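Here's the structure we're looking at; comments come further down.
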Amino acid sequence: MKLIRSFSSLFIIVMLLQATPISAATYPETNGKAVILMDAYSGRVLYERNSHEQLPPASLTKIMTALLVAENGDLEQPVTASEHAAATPESSIYLEPGEVLSRMELLYAAMLPSANDACTALAESIAGDEDSFVAQMNKRAAELGLKDTHFLNPHGLEAEGHYSSAYDLALLSKEALSHQVLAQIMATEKKVIPWAGKDEDRILLNHNRLLYNYDGAIGVKTGYTRQAGNCVVGAAQRGDMVLIAVTMNSPTVYNDLQQMLDYGFEQYKMVTLGKTGEVSGTVDVKQGVAAKVKATLARNLSIAATDEEIPHLAYSFTLKPNATAPIEPGEVLGTCRLYLKGEQIGSVDMVAGGKIGVKPSLMETSGLGRLATAVLSKWRVLCFGLMLSLVFYLCRRKLEEALKQIILFVLPARIKEQHRNHRF
């Protein structure tokens, strides 16, 4: 019996030792100086290393440039390339000064072959000049909560003080993927655009090799400078799950991305606890035609979670105590927070589910109100008539005075002339 117990104990120890490396091997093996894996829907971080370190982003900068162009709209607007844009160095589509392409065509040039001259032309088209556009880039970065990002140009060429982080670039890509046109551009492998004065068109090939080699890949952007090293933001979709992976300054960028994406798709699944438009409470309305307005989820309450985590998910609502009419559909009324084991891991806005107009006053709804309105209208007419009479009176007096002066000036001359005529 003692021998059997010994063998049993040894067997258990061996199994535990074997299980440890198997569990550890499920984590991605990456070589980037900074890496991150993010759920593109909720923004939950599924894996990271040095993700808030400020590093040169190279052409990953162009994600912000493209986002601002997409948000500005009017993508068919023609853009005339300036001498400054055409002279932008390194990666380009060889724009000529005075050449005209649409914003849409320049967007493809910026995002597929990473053309710097196209980015400068777009910046000038949106903001008038490059510096003004860069100011817009930094303003939008602040709005998105990108705390470790500062831009100095729209293309990512090396500049002291131009930096971002893996976390910020994942958040930025999350926003970019929410724009349908931009998401379509980033997932495009090949695009043909005009080339003025040439016998052939420009053929734009996407530099992102993830699109050609990874199942479900949908973008996002590549980048390289000597200082930044190889940097890539990759995104992939399988079923209802979209994941964003970022690796910066890595000798094995695509292996890093594949490792992280495989890990995410294998370990996590999308869990939906509430759907867009579902009513989750009401808010009292002041001065409204209705006393309350429904508060609904602005979008699905969904998040990537493991099977072990699902039983520990919970959420809570925080709504305004009241709101004042008028209220428009979609107006933010509160927040729905999502928790895992008591720690907040996501949130969704609660918005007005309908329109609430302003309640008319008692004067406006009663017969007395209508009478008062009628009386006021008559007073307006009377006042207007009195004003016209006063203007006429003042003008008449001035006309009479002017006529008198004319008569006094003309009459003596006329008398003298008659006197001369009479003498002869």
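Observations, loosely collected:
- Criterion: of a type outside the set (A, V, I, L, M), touching a residue at least 40 places away in the same chain (Cβ under 8 Å) and out of contact with any Ser or Thr (no Cβ under 6 Å at 6 or more places or on another chain) - qualifying residue of Asn153, Asn138: Asn153
- Residue tally, condition of a type in the set (Ser, Thr, Tyr) and assigned to a strand (DSSP E or B), over the stretch 218-259: 4
- Extreme residue, nearest to Arg44 (Cα to Cα), among residues of the stretch 174-195 that are over 16 Å from the mean Cα position of the chain (by Cα) and in a loop (DSSP other than H, G, I, E, B): Ala187
- Exactly one residue out of Lys147, Lys139 is assigned to a helix (DSSP H, G or I) and closer than 18 Å to Pro57 by Cβ, and it is Lys139.
- Within the set Ala291, Ala295, the sole residue that is surrounded by fewer than 17 Cβ atoms within 10 Å (Cβ to Cβ), closer than 24 Å to Gly357 by Cβ, out of contact with any Lys or Arg (no Cβ under 7 Å at 6 or more places or on another chain) and among the small types (Gly, Ala, Ser) turns out to be Ala291.
- Count of residues meeting criterion [free of Cβ contacts under 8 Å to residues at least 24 places away in the same chain and among the polar types (S, T, N, Q)] in the stretch 289-317: 1
- Here Ser114 clears all of (1) assigned to a helix (DSSP H, G or I); (2) farther than 18 Å from Ser82 by Cβ except the condition numbered (1).
- Within the set Asn230, Asn208, Asn213, the sole residue that is in the same structural domain as Gly32 (by TED's automatic domain parsing), in contact (Cβ under 8 Å) with a residue 24 or more places away in the chain and under 30 Å from Lys147 (Cα atoms) turns out to be Asn208.
The values are calculated or read from the model by the stated rules, or taken from the named source; none is laboratory data. All of these numbers come straight from a predicted model, not from anything done at the bench. Reconstructed Cβ throughout: ideal geometry from the backbone, glycine too, with neighbour counts over all protein chains shown.
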